[in-house]
Structure formats: C-alpha cells, structure tokens
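One structure is given here, and the rest of the page talks about it.
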Amino acid sequence: MTDQPVVLRETEGRIAVVTVNRPDKLNALNREVIGALAREIEAAGKDPEAGVIVLTGAGTKAFVAGADIREMAALTPVEAREFSRMGQGLGDVIDATGKPVIAAIEGYTLGGGCELAMMAHLRVASPSAKFGQPEVGLGLIPGFGGTQRLARLVGEGRALEMILTGKMIDAETAHAWGLVNRLARERSALEEAKALAGEILDKGPVAIRFCLEAVRTGLSMPLEEALEFEAALFGVTFATEDMKEGTGAFLEKRRPSFPGR
Ligand code: COA
C-alpha cells in the first residue's frame, strides 16, 4: 500500500479535476473515500480559479466499481443508514458548489459508482465503460440515490430493468438511453470531459450557476412553482454585469468577456 491520498484534486486552468484514487480496489467507495471526496469537491467549489469540476477515477479499469462491499458487509442497519446518507450527501455537496460537475468515465461504473456519476450534471464516457446497479445480487438495494436518479435519467422501465436484473449496460446503450451525454474516444474520457468543460467556461458564469439551480431545484417542484422560480432567476440575471456584457457584446458584434458577477 502507498500513502497516496484516496482522493486527488488539481486545478488545470479553470478546470478542477477531482480523482478517486484507489485503483487497486477499482476506486470502491468506503467511508474514508466518501469523506475525502466531499472535502475535495467542496474545495473545488470554493476555488475561485475553477469554473467547472471534472470528477474521475484513477486508472482505466474503473470509474468507481461501487460502494466498498468489504466495509459494507460489517455494517449494522443503523450504520448502513448513515452510510447511505453519507453517500447521498455527495449529491448535495456537488449541487452546493454552484459549478457544473462533469463525470469523466472509463471502465466499470457500478452501484455507488453509477450513482456518483448520476450526481454529476453531465457524463462523458469512453466506449468500453460499463454501467450497472448490481446491488440486488448482493441482497441490497441502491442506496446512494440510484433508485431515484436512474429513473429520472433513463425512464422508469429502463431503470427498473437495470436495478432488478443487476445487469450491466455498455457505453453505447448508456449513451442511447441518455445516461451518458457524450461518448469519448477510447481512453479519452478525461480529455473529452475537459473539452466539454471548455464549451461551458466561455459562457456567463452567473447564468451557468442559475441554470444548474433552475434545472436541479425545479425538478423537485411542481411545474407551476418551478416556472415561477425560473422567472425569478431570469429577473435576477438582469442585475448582473455578465448580462450587460453578454448582450452588449452581441450588439457590438464582439466576443463577450464575462466578469462573473
Ligand atoms: N468493493 C470492494 N472491493 C472491490 C469492489 C467493491 N465494490 N469492486 C472491486 N473490488 C476489489 C476486489 O475485491 C479486488 O480486490 P483484491 O485484489 O484485494 O481481491 C480488486 O478490487 C479488483 O477487483 P476484481 O474483482 O479482482 O476485478 P475483476 O476484473 O475480476 O472484476 C468487477 C471487476 C467490477 C466485475 C468486480 O470487481 C465486481 O463485481 N465488483 C463489485 C461490483 C459491485 O457489486 N458493485 C456494487 C457494490 S454495492
């Protein structure tokens, strides 16, 4: 064993890359890894240099092959409930950053790994990636949001097929079903996730933040309230320097340079 941190974070230009770094266990999520992931994602959120966060797994064999089965096997029901809440909490940490989070996916993306990828706002996967919720094969149910987010992303029928059979789907199927936004070239998920980040980074930062909030928060509201929420955020953008710059640049036929305020 090395004394390498279980989660790494580096900032490249305006992109923070957060990497689950436990490749000898296929990046399985134990409590230590989940705690470190929460801290590093939060730190990336606070980093003024970083406009987009890319989440990935070390090595090419797995993004994350699930929650740590060895650690889970010893949990009491009360501890398991806490473990579920801890894993689910990563979704709140991601949303609280106010920045787009893109999962860059190579290899096995199973159980808690698939759930972590679904907490991200966007997913870029290499063609050899494999997705699944195999918990029922262990006598468990998905506990990091999988029963809810998978159905929202791919629809109830496909989600139930994956969850009830525990079978994996390949990247092409995941792409066709909407679980993956972009298929990368082989072993290029990270590179292509950064390219996708680049497409977002030249847009108005406040608008990007509000779009994330409008879509994510709106999805848990009745449509009428969600539309009201959208209108309120739309109104607030008119008080931003970004909006003055974006509309001004269009009218002056030049590229905008957003101050992010
Ligand atoms: N939890 C804990 N350890 C895990 C793990 C997990 N979810 N997934 C993989 N590992 C460990 C293996 O135990 C093995 O450790 P070891 O070398 O100390 O024995 C190491 O990672 C490599 O995995 P291995 O199973 O040898 O690789 P493989 O190529 O033969 O198989 C998988 C890959 C992904 C098919 C297989 O590891 C697997 O089925 N993992 C569990 C997937 C799962 O059920 N996830 C949901 C959990 S809720």
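The values are calculated or read from the model by the stated rules, or taken from the named source; none is laboratory data. These figures come from a predicted structure and were not determined experimentally. Here Cβ is always computed from backbone atoms with ideal geometry, including for glycine, and neighbour counts include all displayed protein chains.
Taking the stretch 154-210 as the search range and keeping residues that are among the β-branched types (Val, Ile, Thr) and assigned to a helix (DSSP H, G or I), which one is farthest from SER257 (Cα to Cα)? Across the stretch 154-210, the extreme among qualifying residues is THR165.
Of all residues in the stretch 146-156, those being in contact (Cβ under 8 Å) with a residue 40 or more places away in the chain and crowded, with 21+ Cβ neighbours inside 10 Å number 0. Inspect the stretch 187-201 for any residue being more than 25 Å from the chain's Cα centre (by Cα) and of a type outside the set (Asp, Glu) and give the result as yes or no. No, the stretch 187-201 contains no residue that is more than 25 Å from the chain's Cα centre (by Cα) and of a type outside the set (Asp, Glu). Being surrounded by fewer than 16 Cβ atoms within 10 Å (Cβ to Cβ), on the phi > 0 side of the Ramachandran plot and in a loop (DSSP other than H, G, I, E, B) is the requirement here; does GLY98 meet it? So GLY98 passes the test.
With respect to THR97, determine if the residue is touching a helix residue (DSSP H, G or I) at 6+ places or on another chain (Cβ under 9 Å) and hydroxyl-bearing (Ser, Thr, Tyr).
yes
Is the stretch 35-57 home to any residue that is within 15 Å of the ligand (Cβ to nearest atom) and surrounded by fewer than 24 Cβ atoms within 10 Å (Cβ to Cβ)? Checked against the condition, which is being within 15 Å of the ligand (Cβ to nearest atom) and surrounded by fewer than 24 Cβ atoms within 10 Å (Cβ to Cβ), the stretch 35-57 yields no hits at all.
Among all residues of the stretch 244-258, there is at least one that is of a type in the set (S, T, N, Q) and not assigned by TED's automatic domain parsing to the domain that holds VAL52.
The sole residue among ALA44, ALA62 that is among the aliphatic types (A, V, I, L, M), modelled with pLDDT of 95 or more, under 26 Å from GLU213 (Cβ atoms) and touching a strand residue (DSSP E or B) at 6+ places or on another chain (Cβ under 7 Å) is ALA44. Screening GLY166, GLY145 for residues that are within 14 Å of the ligand (Cβ to nearest atom) and out of contact with any Pro (no Cβ under 9 Å at 6 or more places or on another chain) leaves exactly one candidate, GLY145.
When the residues of the stretch 63-79 are filtered to those that are within 11 Å of the ligand (Cβ to nearest atom) and part of a helix (DSSP H, G or I), the one that is surrounded by the most Cβ atoms within 10 Å (Cβ to Cβ) is MET72. Within the stretch 125-142, the set of residues being within 13 Å of the ligand (Cβ to nearest atom), over 16 Å from the mean Cα position of the chain (by Cα) and assigned to a loop (DSSP other than H, G, I, E, B) comprises SER128, GLN133, GLY139, LEU140, ILE141, PRO142.
To keep it simple, each residue is scored yes or no on (1) at pLDDT 95 or above; (2) in the same structural domain as LYS99 (by TED's automatic domain parsing).
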| site | (1), (2) |
| --- | --- |
| ALA189 | yes, yes |
| LEU212 | yes, no |
| VAL215 | yes, no |
| SER220 | no, no |
| VAL236 | yes, no |
| GLU241 | yes, no |
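Looking at this structure, is ILE105 under 18 Å from LYS25 (Cα atoms) and more than 12 Å from the ligand (Cβ to nearest atom)?
Yes, satisfied.
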